[in-house]
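Here is the structure we will look at.
The values are calculated or read from the model by the stated rules, or taken from the named source; none is laboratory data. Owing to the predicted nature of the structure, the values given are computational and were not obtained by experimental measurement. Counting neighbours? That spans all protein chains shown, and the Cβs are built from the backbone with ideal geometry, glycine included. Calculation scope for accessible area: heavy atoms of the full protein, side chains included, ligands and nucleic acids excluded. Shrake-Rupley method; radii C 1.70, N 1.55, O 1.52, S 1.80 Å.
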Amino acid sequence: MRLRVWSYYFKHAWNNILANRLIHLISIGTIGISLLLFASFLVLFLNLNSWIMDWGQSVSMSVYLEDGIDQKTKEKIEALLKNLPGVELKGFTSKEKAFRDLAQGLGAHSGLLDGLKSNPLPASFELLFRDVNINQINPRKMKDEIEKIQGVDEVQYSKEVLERLEGLMYVLKVAGFIIGGFLCLAVLFITTNTIKLTIYSRREEIEIFKLVGATDWFVKIPFLIEGAIQGLLGGLVSLAVLFGLYSMFFLKKVHVIGLPVLNIAFLPPDYLVSILLLGLVLGLIGSFIAIGRFFEF
Amino acid sequence: MIQLFHVSKNFGGNVALKDISLRIRKGEYVFITGPSGAGKTTLLRLLFGAERPTEGQILIDRINLNRISRLNLDLLRRRIGFVFQDFKLLPRKTVFQNVAIALEVIGERSALVRKKTHQMLRAVGLSKKEEAYPLQLSGGEQQRVAIARAVVNNPLILLADEPTGNLDPDITRDIMILFRSINLRGTTVVIATHSRELMRDTDQRIVHLSEGKLVGD
């Protein structure tokens, strides 16, 4: 009995979608676009987050030396740096090399440096700390300790940039919640109004159902199913379009002047299922609101 | 089967029914008559639970309509057939589908829905028009579809509001014969009409309403 009634509900909901196919096509398309925006944002957010996580695994540090230190002090500093936990000494840049590198970097504008009476650039050691999380290295603490070494002028590390990026990620996350919230409201609005229109187009049938003794839920459930199908199809459309765009633009590594710079990953399976479920639940809630407002007889 | 105790119904300041007390027994065949505006339709709507009385009590098969829940009212309606003057058929559904609706809403098995619907359409003489759409039928045929839908569930009570109002005399006679045959199978039939023609040669009970009051029984 129960299975029979549910198959009746599904058949009825599907027939109703077919009977009002234009309204539903427009609605599914609009839900698809809303969820596509949301899913695109998720792709961006997840990839940025993953790059930052990878990047955050290693920290590079520049240890700038005071001017005029003797060779013995330099060697002493080098020995101390080599003994730091998880460190790899990548190299030493003398004042002269730093100046040459700067002049090379300026290229045609290197003449700007001609007016300098002395070389203002400091000598430096380049350090790399790998697996900072595993080795429990605190870059800020490390910076403070190195700066205490005699002959060291200043220490700069890449994590400072990373921390700023993490701040940006937080802003993106908040923006994502706000945008996602608005998109969800848009999907709800679309579904509610589509279901209202289909209820309106079937008001005669509903009246007759009630006359012959249909319970409220007997009349309402097909509309709920209709909303859920609509949301689910909207979700499927969004993922299909997203995958199409991804295949066209991001399936291979994005190249800039021949160098592979970006490897954009598609949404993982659990996120795909979540977007479909989100569409389904929003469709269900939208139709629930619609029937709540309509069925007052 | 149907009991009304001092029932009144007002719509705003307008009195539609005033202090009606009435008892209709199981298997009775009753005409509710009176001029337009006498309160016949309001009375049927009260019996169907589409309206609640302003005062008084209505009992249908010993169920008090004043105290009935929405769900139980829906279930009670499965035992009351209703026939309207304008038929209330769905134009985009076939004759068969229009009748089958009454069985589908109660969750009847598809095989039984088919069997009962075929039988009922045969009983009202429309077995050859099962696949036709209502607008392809004559007025009398449409009314027979509406009657088939109202009685396919074997209701305890059949209420009909001006069921022959749009029909010519020959078809009216056919429809009245159909109502009589339904009544002879044990269904209580209550027909509201202002047509004196319908009651000219009848020996059935006639309840007269005028300006919302019961003036003759």
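Below, the figures for the structure above:
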{"item": "All aspartates and glutamates inside 19 Å of B:Lys129 as judged from Cα atoms, apart from same-chain residues fewer than 8 positions distant", "result": "B:Glu141, B:Asp174"}
{"item": "Chain A: Cα Rg divided by the 2.2 N^0.38 Å rule of thumb", "result": "1.64"}
{"item": "Within the accessible area of chain B (1.4 Å probe), percent carbon and sulfur", "result": "47 percent"}
{"item": "Loop-resident sites, segment B:1-103, for chymotrypsin sites (Phe, Trp or Tyr not before Pro), counting at most 13 other Cβ within 10 Å (DSSP)", "result": "none"}
{"item": "Cα-based Kirkwood hydrodynamic radius, chain B, one decimal, Å", "result": "17.7 Å"}
{"item": "Gyration tensor verdict on the protein assembly as shown (Cα atoms; rounded if a/c is under 1.5, prolate if a/b is larger than b/c, oblate otherwise)", "result": "prolate"}
{"item": "Euclidean distance of C-alpha centroids, segment B:1-65 and segment A:90-115, integer Å", "result": "103 Å"}
{"item": "Interface burial for A against B (accessible surface, 1.4 Å probe, total of both chains, Å², rounded to 100)", "result": "1900 Å²"}
{"item": "Rounded to 10°, Cα long-axis angle of helix B:139-151 versus longest principal axis of chain B", "result": "80 degrees"}
{"item": "Inter-chain shielding of B:102-114 (mean C-beta neighbours from other protein chains, 10 Å cut-off)", "result": "4"}
{"item": "Packing-based ranking, highest mean first, of B:136-147, A:269-280, A:42-53, A:100-111 given that Cβ atoms within 10 Å are counted", "result": "B:136-147, A:269-280, A:42-53, A:100-111"}
{"item": "Loop GluC sites (Glu not before Pro), segment A:14-120, which have at most 16 other Cβ atoms in a 10 Å radius of their Cβ (DSSP)", "result": "A:Glu66"}
{"item": "Value at 222 nm in deg cm²/dmol, rounded to 500, when DSSP H runs of n ≥ 4 in chain A each add -39,500 (n - 2.57)", "result": "-23500 deg cm²/dmol"}
{"item": "Relative contact order (%) - chain B, alpha-carbon pairs under 8 angstrom, separation at least six", "result": "31 percent"}
{"item": "Loop sites in segment B:5-35: trypsin sites (Lys or Arg not before Pro), DSSP, at most 13 other Cβ within 10 Å", "result": "B:Arg25, B:Lys26"}
{"item": "Alpha-carbon centroids, segment B:110-157 and segment B:172-196: separation in whole Å", "result": "16 Å"}
{"item": "Most to least packed among A:163-170, A:194-201, A:21-28 [average Cβ atoms within 10 Å]", "result": "A:194-201, A:21-28, A:163-170"}
{"item": "Hydrodynamic radius of segment A:59-129 per Kirkwood, over alpha carbon pairs, in Å", "result": "13.5 Å"}
{"item": "Dmax and Rg, reported as Rg then Dmax, of segment A:1-82 (C-alpha, Å)", "result": "32.1, 94"}
{"item": "Of A:Lys72/A:Lys141; A:Lys74/A:Lys141; A:Lys74/A:Lys97; A:Lys11/B:Lys116; A:Lys76/A:Lys141, pairs whose Cα-Cα distance is over 19 Å", "result": "A:Lys72/A:Lys141; A:Lys74/A:Lys141; A:Lys11/B:Lys116; A:Lys76/A:Lys141"}
{"item": "Principal axis dimensions, segment A:122-196 - Cα atoms, whole angstrom, descending", "result": "77, 27, 16"}
{"item": "Shape call, segment B:89-184: gyration tensor on alpha carbons, a/c limit 1.5", "result": "oblate"}
{"item": "Helix A:71-82 vs. chain A, principal-axis angle (Cα, 0 to 90°, nearest 10)", "result": "30 degrees"}
